Amino acid sequence: MISWDKAAGEKGGRVSAGIVWERFPKFVIGFLIASVIVSFVSARPPAGRTATSPWEGSFQGLPYQADFAGFAVPQTLADRLTLDGPGKTLSFKGPMSREEYKALAQSATPDQARALDALRARTNWFESVLTPQVVGPVKKLRSWAFVLCFLCIGLSTRFKDLATFGLKPFWAFTLGVLVNVPLGFLLSAVVFEKYWANL
């Protein structure tokens, strides 16, 4: 292995830039480019975007039935929050900060606060638009790519070559699987059940 490295490199045993590039995992570059693009796009929501949410619905699994007929909108947010009585909807221009939410929810009923929570979530462009329409499908594609990758690795297994190492590696791997599968199920389905359900 050492002689191969020296033969492939330059004089003096140094590895050339071409060899480094050949061995470099190219997916790292793709990951960095994708991260920069998503960060750039998510940090620049469309100008003047207005989010809309109904008076009645559910948020994070909790239903609400709010009535904003007599709701007093703070003067500082009168130009951004719109109450549509006939349509029973709330509209908010731009992202809603925590301080703005507190100002709105200060005199709100529990149902009105839940409706304002739902409206605030919809004003977050990254979470309400970019994640379900762009990030979500990309994550599904990533999951399928990993599944197909490991399937191909499994299909390329040469059992004849594995037999030359004897049964010890086989039993070591089998024992690891017998421990990891139940332990992984216990951690995922019992210990961290609430965490995965809230993702």
Multiply the residue separation of Lys93 and Ser143 by 0.36 nm, subtract the distance between their alpha-carbon atoms, and state the gained length in nm to one decimal.
14.5 nm
So if R0 is 25 Å, what FRET efficiency would Gln106 and Ala47 give, r being the distance between their Cβ atoms, rounded to the nearest 0.05?
0.30
Highest GNM mean-square fluctuation among Gln112, Gln65, Gln75, for the chain with Cα springs under 10 Å, belongs to Gln75
Note to self, the chain gives a 222 nm [θ] from helices alone (DSSP H runs n ≥ 4, -39500 (n - 2.57) apiece, / all residues, nearest 500) of -15500 deg cm²/dmol
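Restricting attention to region 93-175, which trypsin sites (Lys or Arg not before Pro) occupy a DSSP loop and are surrounded by at most 15 other Cβ atoms within 10 Å?
Arg158
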Answer with a single label: of (1) 1, 7, 13, 13, 10, 6, 5, 7, 10, 11, 9, 5, 2, 0; (2) 1, 6, 10, 15, 15, 12, 9, 7, 5, 4, 3, 3, 3, 2, 2, 1, 1, 0, 0, 0; (3) 1, 6, 8, 10, 10, 10, 10, 9, 8, 7, 6, 5, 5, 3, 2, 1, 0, which was calculated as P(r) over Cα pairs in 5 Å bins from 0, in percent from the structure in view?
(3)
So how far apart, in nm, are the two label points at Trp196 and Phe126 if each is 7 Å from Cα heading toward Cβ?
2.6
Amide H contacts under 5 Å for Trp55, placed H, 5+ residues apart:
Thr89, Leu90
Indicate the gyration tensor shape class of region 158-199 (rounded, prolate or oblate), computed on the Cα atoms with a ≥ b ≥ c the square roots of the eigenvalues: a/c under 1.5 is rounded; otherwise a/b larger than b/c is prolate and the rest oblate.
prolate
Distance in nm between label sites at Leu183 and Phe170, each 7 Å beyond Cα in the beta-carbon direction?
2.4
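Read the figures in this text as sums done on the coordinates, not as results from a lab. Everything numeric in this text was worked out from a predicted model, so none of it was measured. Cβ: placed from backbone, ideal geometry, glycine included. Neighbour counts: every protein chain shown.
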